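K.L.:
A single structure is presented below for examination.
What follows draws every value from the coordinates through simple rules; no lab data is involved. This structure is a prediction, so every number in the text was calculated from the model and none was measured. Note: ideal-geometry Cβ built from the backbone for every residue, glycine included; neighbour counts use all protein chains shown.
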């Protein structure tokens, strides 16, 4: 039976085995034992399948990215996110990016000079 999922320490045949949690790839030139313990998972996949899946995954990402942006815009605009002080979280974030970036020559952020 074709087994795709393997655990560290399993005896496997020749092929490529990927650990998706760490990104490691183990190439077995001959039959051998996969490194790792019982918690290490490896998946066997043909490199051609992985290369063929890349454009499909990229297409899915490109199709749904505008919808994600629209959803974030709608949530921020209509529902709003507020911090405990009642200020919109997006404004706080933008102020942090802009104000903290613009520092004087002494390295003190402009937001600290308001007092």
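K.L.:
Given the criteria free of Cβ contacts under 8 Å to residues at least 12 places away in the same chain and under 28 Å from the mean Cα position of the chain (by Cα), does residue 38 qualify?
P.N.:
The answer is no for residue 38.
K.L.:
Got a sec? Which strands (runs of 3 or more DSSP E) wholly within segment 1-77 have at least 2 residues that are surrounded by 13 or more Cβ atoms within 10 Å (Cβ to Cβ) and in contact with a helix residue (DSSP H, G or I) (Cβ under 9 Å, 6 or more places away or on another chain)?
P.N.:
15-19
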